[in-house]
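Just so it is clear, none of the values below were taken in a lab; they were calculated from the coordinates. It should be emphasised that the depicted structure is a prediction, and the values quoted were computed from it without experimental measurement. Note that we place each Cβ from the backbone using ideal geometry, even for glycine, and neighbour counts take in every protein chain shown.
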Amino acid sequence: MAIKRKIKRTHLVVGEGPAELTMLRAIQSIYKCSTSYKIKFESANGGSPVDIVKYAKNVMKYHSYDICTVLIDSDIAFCNATIKIINENNLNIIKSEPICLEGFLLQLMNVKVVAGWDATKCKASIEKNYKAPYKFRDIKYYEPIFQKLKMDGHMHDILERILIEVFEQKTE
């Protein structure tokens with residue numbers, strides 16, 4: 001008699017760069033996330049929005065992932081080609097707001113993101129205020145942020161979307 005194995009669905013999560021991947025791993029660890037599918041994190045290693053969604057599309061198609069979510073900065077508007085790739089490939093998009101991942105982290109840490117700032121100013125502010133090494137590439141720099149948010153019961157819109165869409169976690 002043949003052994004029946006349950007096939008787990010697969011979810012590709014593409015971050016714009018390595019900092020997004022490290023943050024996602026920290027969220028997964030701190031919120032004790034387990035899912036009904038296998039999650040694979042990939043970094044697009046920067047570029048324009050169209051480069052990032054093309055990368056996600058290619059990895060998704062080549063490895064036959066069931067679902068793909070892309071965590072991307074919001075400082076550059078999507079061109080028509082980007083929107084077309086997103087729609088044709090059914091990519092889930094989560095934009096880091098305001099501006100970029102660092103702007104999102106500053107908001108989580110209750111540091112004001114000033115109108116008119118760009119990604120460079122957000123990165124400089126996070127390094128100054130948080131004394132974090134460039135790009136937050138070590139999970140230990142995210143842990144205090146998310147531990148505090150979890151203890152305080154604070155839920156930011158983007159964090160809530162990540163928990164629900166990436167990690168299937170119900171938020172209350």
* 222 nm mean residue ellipticity, helices alone, for the chain (DSSP H n ≥ 4; -39,500 (n - 2.57); rounded to 500) -> -12500 deg cm²/dmol
* To do: Sequence neighbours fewer than 8 away in the same chain don't count; with that in mind, list the aspartates and glutamates whose C-alpha is under 20 Å from Lys128.
  => Glu20, Glu97, Glu102, Asp118, Asp138, Glu143
* Listed here are the pairs Lys95/Lys121; Lys8/Lys40; Lys38/Lys140; which of them are more than 20 Å apart at the Cα? -> Lys38/Lys140
* Structure fact -> Among Ser43, Ser29, Ser74, the residue with the largest mean-square fluctuation in a Gaussian network model of the chain built from Cα contacts under 10 Å is Ser29
* To do: Once you have the Cα-Cα distance between His63 and Ile7, take 0.36 nm times their residue separation minus that, and quote the gain in nm to one decimal.
  => 18.7 nm
* Structure fact -> 1/(1 + (r/R0)^6) with r = Cβ-Cβ of Lys121 and Thr35, R0 = 45 Å, i.e. FRET efficiency to nearest 0.05, evaluates to 0.80
* Asked: For the pair Ala81 and Met151, what calculated FRET efficiency results from E = 1/(1 + (r/R0)^6), where r is the Cβ-Cβ distance and R0 = 41 Å, to the nearest 0.05?
  -> 0.45
* **Gyration tensor (alpha-carbon) shape descriptor, region 1-157, a/c threshold 1.5** => oblate
